[in-house]
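Please treat every number below as a calculation from the coordinates, not as lab data. All of these numbers come straight from a predicted model, not from anything done at the bench. Counting neighbours? That spans all protein chains shown, and the Cβs are built from the backbone with ideal geometry, glycine included.
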Amino acid sequence: MKTTKILSLFIFTLIICSCASTKKVATDNLFNTTWELEYLSGPRIAFDGLYPDKKPKITFNKTTNKVEGNNSCNGYSADYTLNGDGISFGEPVPTTMMFCGEGEKFFLNTIKKVNKYKIDNDGKLNLMIDDIPMMRFKKSAQE
């Protein structure tokens, strides 16, 4: 009976520790990667029509708590805050001022509304509003 209790406690501890380490790995996968947008929910214009030449990219800086990237036309940076699977972005600040169509505006407006993130089983970054994926990024081939 005592052996059963010890074994049960050991298994329970192992499960708790493995779940905690999985979350840390998921968070660590967010960093040291440039993510390229491959899906955007909501616009009436086709994805390739919004971003015909260049897809938006995002990079998370763990040290400064800033994201930087390109919204397909102009560079941008913004503060971000992580809390478990929760994420929020500050106001994106453009680093250049060219006008390049509706894709840029839709990207920046959507990222401000995002409140959760998840890295799925395929290694893709999903930025979500509640449980609805709004933006999906893949690891960029040009990091």
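Counting charges near Phe47 (Lys, Arg +1; Asp, Glu -1) among other residues having Cβ under 14 Å from its Cβ returns a value of -1.
Going from the fewest other Cβ atoms within 10 Å to the most, the residues Asp131, Asp85 appear in the order Asp131, Asp85.
Quarter the surface of the alpha carbon convex hull of region 32-139 and you get the mean projected area, 6.5 square nanometres. Which length gain, in nm to one decimal place, applies between Asn121 and Asn61 when the Cα-Cα distance is subtracted from 0.36 nm times their residue separation? Working it through step by step, the gained length comes to 19.3 nm. Take the convex hull of the alpha carbons in region 36-94; its mean projected area over all directions comes to 4.6 nm². The chymotrypsin sites (Phe, Trp or Tyr not before Pro) found in region 99-143 that occupy coil by DSSP, while having at most 11 further C-beta atoms within 10 Å, are Phe99.
Once you list every other residue whose beta carbon is under 11 Å from the beta carbon of Phe89, what net charge do they have if Lys and Arg are +1 and Asp and Glu are -1?
+1
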